[in-house]
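Before any comments, here is the structure.
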Amino acid sequence: MSPAPTDLSSQNTSVQVQVDPHTRKVPHSVRRLADLAYLEQSIHRMLCGWGNQFDAWEDKVALCAHVWDQACIVQSLRQRIDQFPGAHADQPVSHKLEALANTVLNAPCFEDAVDGIYQVLNTALVNAYLDFIEKVSAIHDGPTHQIIRQIVATKDRQRRWRVSYRQRVVHHVNQNYLEDITAQLASLDHLHAPIPMTDTQAAAPVGVHSSFRPMPAKVDPSWLTTGTHDILDWIAVDFADQIQARQLFWPIGYMRELGLAMDQLLWIYDSPDMPWAFAYDESRHLWDESRHGDSGYARMKELGITIQEVGFKHSRDLLGDRAQTDDGQRLAVMSPKALYEALFFIGMVAETGHFKVKREAYSDFKAGGDLASAEMMLYDIIDETMHVQYAHQWLGRLAERAGLEHEGYEQRAHQIREDKQTQADQRVAALRQDPNKHSDPSWQLYQQLRQRVHECCPLSNAQSCPSRSSKPM
């Protein structure tokens, strides 16, 4: 093993030279960056493993933003490591780091995990970053200093978020859990030096060698609707012919996309063998879906609609409920086939299948003077265009991972979209003939909300807007 970096005592500074007579092209500091990148990627996985346990809307949305923030941190460190000839972002690091990460992951409860991640481990990482920039030349390694400043700023935002969260959700961390993490950090010199590889055992992704499993997502019971019909079923009846129906549909539909983001947490957690680039892309996808949910919810509130009225999800959900393990408390591992089918359905069926009606809605809302709804549509269309490209990019790799046939996937998706359209049209036709619809609570709610939205944001083209495409699925 190479000697430790030399102190620059002649300069009366804490900066240390990061090369020695045996160094080739990789400064000693790069080993520390690799350690830090591993722990940051571990936090990313921890957030995906625990994140669906947040109760409040704003915390679910914040969690998804943190997943993306964390992905950006990991990406910046990996890119910097790859810039050093002879180093690479996937280079092995000590299994002692895996032990530390697993200790944080295996918290006694969700609230302990929040403190373990956001308070204990993040604080240790910030201190390690500050130690790094004290010891490594800001002149020679300016790019790394710039990256670290950005990371520390992100960590500070997360710290302030946790302080706010703890003011709303009071919790005292389990002392045994806290002591276990603290002891492991102390044994690793609080991450103030590279952790040597003392044997050939390298760290695996956090959780791989652990019994930890994510739990079913928490959803406020008042957000659930279980009636025979969802309000969106009745909206679908008028979707093609009445712009007021579409004006009501899209905020509700977008609000429910936060549920997809909660599901995507498991996509990432249960694919540790996929390249980091997949986790990075899906983190952006997840964050976008959460923003669409928040966008829809914000528009709902502007129009005077509550989640309790329309529901966060309905029992006839497109993706269905994730299977649980035998004890009913933990989610079963998402199989490679299930992950392939989930991304295939979202990217090639749902997102691709809604482009036409979204573009129509954007044009009609803009023409009718509802610019807030038009803006909501436009940003979603921009994001979804990128999401479909993610599907094209990764489905082949996921099919290979699952041992599935991938050839002809676009034709398969086209056929499924047609089948879904036929089913949707048949459902609409049946509802139109329903003799009892006037007594259905969800139909009555639909009529009330249409009137409420009309009074709040009347459309100038309510009578003149031409018929458009039917609701796809």
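Rule-based calculations on the coordinates, nothing more; no lab input. What you see is a predicted model; the values in this text were computed from it and never measured. Ideal geometry is used to build each Cβ from the backbone, glycine not excepted, and the neighbour counts take in all protein chains shown.
Points to keep in mind about this one:
- Between region 433-462 and region 130-201, the Cα center-to-center distance that results, in Å: 53
- Extending 7 Å from Cα along the Cβ direction at L378 and again at V17 yields two label points whose distance is 5.8 nm.
- Calculated FRET efficiency for the pair A332/L431, C-beta based, R₀ 35 Å, to 0.05: 0.50
- Its residue count N sets the reference 2.2 N^0.38 Å, and the alpha-carbon radius of gyration of region 327-408 equals 1.46 times that reference.
- Fewest-first ranking of T23, T103, T198, using other Cβ atoms within 10 Å as the exposure measure: T198, T23, T103
- Note on region 369-449: Cα Rg divided by 2.2 N^0.38 Å, N the number of residues, gives 1.67.
- R0 of 22 Å, Cβ-Cβ distance D55-V163: FRET efficiency to nearest 0.05: 0.75
- Each of L378, L286 was scored by other Cβ atoms within 10 Å of its Cβ. Listed from fewest to most, they are L378, L286.
- Considering only A87, L188, S469, and ranking their Cα positions along the charge dipole of the chain that arises from unit charges at the beta-carbon of Lys, Arg, Asp and Glu, the one farthest toward the positive end is S469.
- Efficiency of FRET from Cβ geometry, H172 and T306, R₀ 35 Å, rounded to 0.05: 0.55
- Cut-off under 5 Å, modelled amide H: who pairs with Q16 long-range: V136, S137
- Solvent-free Debye scattering, log10 I(q)/I(0), computed from the Cα coordinates of the chain at q = 0.08, 0.10 Å⁻¹: -0.56, -0.82
- Region 221-456: proportion of alpha-carbon pairs further apart than 27 angstrom, %: 38
- Maximal additional length on extending the D180-T123 stretch stands at 19.0 nm, based on 0.36 nm per residue less the C-alpha distance.
- Calculated Rg and Dmax of region 6-191 using C-alpha coordinates, Å: 17.4, 56
- Placing dummy labels 7 Å off each Cα toward the beta-carbon, the span from S187 to K366 is 6.1 nm.
- If only the Cβ of Lys and Arg carry +1 and only the Cβ of Asp and Glu carry -1, the dipole of the chain around its Cα centre is close to 560 debye.
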